[in-house]
Amino acid sequence: MRFFKFLHLLGLAGFAGGLAAQLLLGRLDPPAAHAADMVARWLCTPALLLLVSSGLMGIAARPAWLEERWMVAKLLLTLLAAPTACFGTGSAALAFALGLALAAAALGVWRPWRGRA
């Protein structure tokens, strides 16, 4: 189980870091647009795949987590962040996806103790 948590954290760091890098590169001159595309292709997409797959493997290892409200909220936040990051255009969509990813991370770390559905 700890291995899945490590992979999930690694995927989150790559995904959030890639979104932040894209936001910063988007503020630079037009030559940085190619760099932002490369960050999206080579960092954000694999990190997102690792994030989602390790999260699903963690849920498969502990099916009782689906009874927790915080886990369902975390899953819904991730399901909103992923398409926003992949299909959203512009810095507003990237900032929104980054905010959702960080909110899901905070929810996963905080884990409310009274979260039964």
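Among the protein heavy atoms of the chain, carbon and sulfur supply 72% of the accessible surface, probe 1.4 Å, non-protein parts ignored.
Residue 69 sits with roughly 140 Å² accessible to a 1.4 Å probe, with DNA, RNA and ligands left out of the calculation. For the chain, hydrophobic long helices are taken as DSSP H runs at least 18 Å long by C-alpha position along their axis with mean Kyte-Doolittle hydropathy of 1.0 or more; these are 2-26, 45-61, 69-87, 91-110.
The orientation-averaged projected area of the convex hull spanned by the Cα atoms of the range 1-67 comes to 4.7 nm². Computed extension length for residue 67-residue 10: 18.0 nm, one decimal, from 0.36 nm per residue of separation with the Cα-Cα distance subtracted. With the convex hull drawn over the C-alpha atoms of the chain, the volume per residue is 86 Å³. Here the extension length gained between residue 34 and residue 93 equals 19.4 nm, from 0.36 nm per residue of separation less the Cα-Cα distance. For the pair the range 21-66 / the range 93-107, the C-alpha centres are spaced 11 Å from each other. Only helices enter the 222 nm calculation for the chain: every DSSP H run of n ≥ 4 contributes -39,500 (n - 2.57), and dividing by all residues gives -25500 deg cm²/dmol, rounded to 500.
Other residues within the sphere of radius under 13 Å centred on the Cβ of residue 57, judged by their own Cβ, net out at +3 (K and R +1, D and E -1).
The values are calculated or read from the model by the stated rules, or taken from the named source; none is laboratory data. Predicted model only: the values in this text are computed from it and were never measured. Note: ideal-geometry Cβ built from the backbone for every residue, glycine included; neighbour counts use all protein chains shown. In case anyone asks, the SASA skips ligands and DNA or RNA and just uses the protein heavy atoms, side chains included. Shrake-Rupley method; radii C 1.70, N 1.55, O 1.52, S 1.80 Å.
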